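Have a look at the structure below before the remarks.
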Amino acid sequence: QVQLVESGGGLVQAGGSLRLSCAASGSIFSINAMGWYRQAPGKQRELVATITSGGSINSADSVKGRFTISRDNAKNTVYLQMNSLKPEDTAVYYCRADVIVRKFSAARGSWGQGTQVTVTS
C-alpha cells in the first residue's frame, strides 16, 4: 500500500507564494512520474505539472513562468513552488504518483488526499 501525504497549502494574498510538498511512503520499488493536479469548485480536476524520475517536466500553460515543480527521488517527494499566485489558482491541489511496488510490476497511480490553496484578491 502506498500513501501520499501533502502539505503546504493555505491562504495567501494575490501575488504571494506557497510551496507544496508531497511525500510518498509504503510499498515502493520505484516511482515513475509524480505530479500535481487541482480542482476548483464546480470544475473538473486539471493537470498543473508533472515530472518524471529523469526530470522531464510537463506543465499547464496557465502556470508556466509562475509555478515550478521539482522532486527528490531519494525522499520520494515532489514539490510545487507557486509564485505570483492569482485568485484563479484557488483550488484543492492533489498529488499523484505512478508507483511501482515491486520489480517487473506495472506502475499504478496513487493520489494524495488534497490540500486547499486559497488566493484572495
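The values are calculated or read from the model by the stated rules, or taken from the named source; none is laboratory data. Since the model is a prediction, treat every value here as computed from it, not as a measurement. As a convention, Cβ positions derive from the backbone with ideal geometry for all residues, glycine included, and neighbour counts pool all protein chains shown. SASA here: full protein model, heavy atoms, side chains in, ligands and nucleic acids out. Shrake-Rupley method; radii C 1.70, N 1.55, O 1.52, S 1.80 Å.
With every protein chain kept in place and ligands, DNA and RNA left out, what is the accessible area per residue of the range 1-101? Probe 1.4 Å, answer in Å². If you can, show how the numbers build up before the last one.
On the way: 5040 Å² over 101 residues.
Per-residue accessible area for the range 1-101 comes out at 50 Å².
How much of the DSSP beta bridge set in the chain is antiparallel, as a percent to the nearest 5? Let's see the in-between values first.
Details: 41 of 45 bridges.
Among the beta bridges of the chain, antiparallel pairing accounts for roughly 90 percent.
Quick one: pull the percent of accessible area on the chain belonging to carbon and sulfur, 1.4 Å probe, ligands and nucleic acids left out.
On the way: 3050 of 6490 Å².
Here it works out to 47 percent.
Place a +1 charge on the Cβ of each Lys and Arg in the range 13-90 and a -1 charge on the Cβ of each Asp and Glu, then give the dipole magnitude about the Cα centre in debye, rounded to the nearest 20.
Working: 9 positive and 5 negative charges, 12 e Å.
Charge dipole of the range 13-90: 60 debye, to the nearest 20.
Beyond 23 Å, how much of the Cα-Cα pair distribution for the range 20-117 remains, as a whole percent?
Working: 1096 of 4753 pairs.
Taking all Cα-Cα pairs of the range 20-117, the fraction more than 23 Å apart is 23 percent.
Fully extended, how many nm does the chain gain between residue 102 and residue 52 (0.36 nm per residue separation, minus their Cα-Cα distance)? Write out the running numbers ahead of the final one.
On the way: separation 50, 0.36 × 50 = 18.00 nm, distance 1.83 nm.
My answer for the length gained is 16.2 nm.
Could you work out the relative contact order of the chain? I mean the mean sequence separation of Cα pairs under 8 Å and 6+ apart, divided by the number of residues, in percent.
Numbers: 309 pairs, mean separation 43.8, N = 121.
Relative contact order for the chain comes out at 36 percent.
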